[in-house]
Structures are given as C-alpha cells and as structure tokens.
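*Asks:* Here's a structure for you.
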Amino acid sequence: ATMLYWTVWALARYDIWLVDHGTCSTLDELSEIATGPYRDALNQDQSCKLILPDSGYRTKEVYEFCLRNPRSIPIKGDSGATTSQSIPIRVQQIDQYPDGRKMVGRGLPLWHLHPTYFREDLLNLLRVREPDDMDKDGSTLRIHFHDEIDRAFIEQLTNEVPIETK
C-alpha cells in the first residue's frame, strides 16, 4: 500500500503556520482532508484554498486527480535549464498524459519548482534566530509549528543538509 504524506499550511504576509500533517493512502482522501474545517485564530472555520500534489510519482493518477478537483494544481521538482534559482517557478500548460494520450478539456497548469531554491528558504526559516536578528520592520518571514508535532515529521522536514564543497 502506498502512503502519501500531506501537510496543511496557513499563510500570512510574514508568517507560515503548520496547521496539520499526516498520511493517507489515496489522492481522493486529500479532497476530504482539504475540506477541513480548520479553525483560524478568530475561531472561524477554514478549508484549504489549494491542493498541490507532487506529480513526480504516479503522474497520470495525479493529473487525473487535479482534473477532477478544480483547486488542485500538480507540482514537480525541476532543476533543469528553464527552472533555476533565479526563476524558481515555471508554469507549463499541459494537455496530455505521460503516455501521450490527450486530456479531456483544457488541460492543466503544471508548476515546476526548483527544489534547491525552496530547500534553502526552508532551511533559513528553520534556523534559530536571536530577537535582534529580525528585520526592524518585522518583515522577516517566520515559520510556526504546533506543540503536538511529532518528531518523525521534523526529521523528514530537516533530513536534507546542504554540503558546500570547494
């Protein structure tokens, strides 16, 4: 049985909160998870605005899921010539499956994301900061985790360490 890992994040101008995380066995379960409801700071029910499944594995299944779920956009890690650290997101409109068969309708936008660019951002967010290390105008992006977060999740989030060579 395949296990899919998922996270729910809340985003604000300078803050990112991990709301929930877990595993499921099918992509269709993601729609239920995204529905929530998740309570915000004002005790209002919220649902996920976007579902971003990784299409690098079981690509056809991910594309079919995204075609059935209008708030879903497939993503793919890409460190090729057209997705670089200076252009970390590239959107490609696709209209066929990996086997060449045409999709019904208009197709999908596939977001190519440069993994190193975002990994460095994440590592910077996870770096312990001193209070005087924050921008004076409060514009430093901050990441927040809930108290019940399990160690296995943190280990997955931090298991890649960049190594500089000369």
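The values are calculated or read from the model by the stated rules, or taken from the named source; none is laboratory data. Note that this is a predicted model, so its numbers are computed, not measured. Note that we place each Cβ from the backbone using ideal geometry, even for glycine, and neighbour counts take in every protein chain shown. We work out accessible area using only protein heavy atoms, side chains counted, and drop any ligands, DNA or RNA first. Shrake-Rupley method; radii C 1.70, N 1.55, O 1.52, S 1.80 Å.
*Asks:* Along Cα→Cβ, 7 Å out, is where each label goes; now give me the distance between the ones at Met3 and Asp147 in nm to one decimal.
*Replies:* 2.7
*Asks:* On the protein heavy atoms, probe 1.4 angstrom, tell me the percent of accessible surface of the chain carried by carbon and sulfur.
*Replies:* C and S atoms contribute 53 percent here.
*Asks:* If I model a spin label as a point 7 Å beyond the Cα along the Cα-Cβ vector, how far apart are those points for Thr158 and Thr23 in nm?
*Replies:* Each label point lies 7 Å from its Cα, and together they span 2.1 nm.
*Asks:* How many Å² of accessible area per residue for segment 1-78, probe 1.4 Å?
*Replies:* Accessible surface, normalised per residue, equals 62 Å².
*Asks:* For the chain, what does the relative contact order come out to in percent, with C-alpha contacts under 8 Å and a separation of six or more?
*Replies:* Worked out over the chain, it gives 19 percent.
*Asks:* For the chain, what number of Lys pairs, 8 or more residues apart or on separate chains, have alpha-carbon atoms under 28 Å from each other?
*Replies:* Final tally of qualifying lysine pairs is 6.
*Asks:* Please identify the longest segment of the chain free of exposed GluC sites (Glu not before Pro), where exposed means a DSSP state other than H, G, I, E or B and no more than 15 other Cβ atoms within 10 Å.
*Replies:* 1-147
*Asks:* Before rounding to the nearest 500, sum -39500 (n - 2.57) across all DSSP H runs of length at least 4 in the chain and divide by the residue total; then give [θ] at 222 nm in deg cm²/dmol. Numbers along the way, then the final one.
*Replies:* Values: 4 runs with 38 residues, N = 166.
Helices in the chain give a 222 nm mean residue ellipticity of -6500 deg cm²/dmol.
*Asks:* Now, a different point. About the Cα centre, and with charges only on the beta carbon of Lys, Arg (+1) and Asp, Glu (-1), how big is the dipole of the chain? Nearest 20 debye, please. Show your work: numbers first, answer last.
*Replies:* Values: 19 positive and 26 negative charges, 158 e Å.
The dipole magnitude comes to about 760 debye.
*Asks:* Same structure, new question: Can you give the % of DSSP beta bridges in the chain that are antiparallel, to the nearest 5?
*Replies:* Taking every DSSP beta bridge within the chain, about 70 percent pair in antiparallel fashion.
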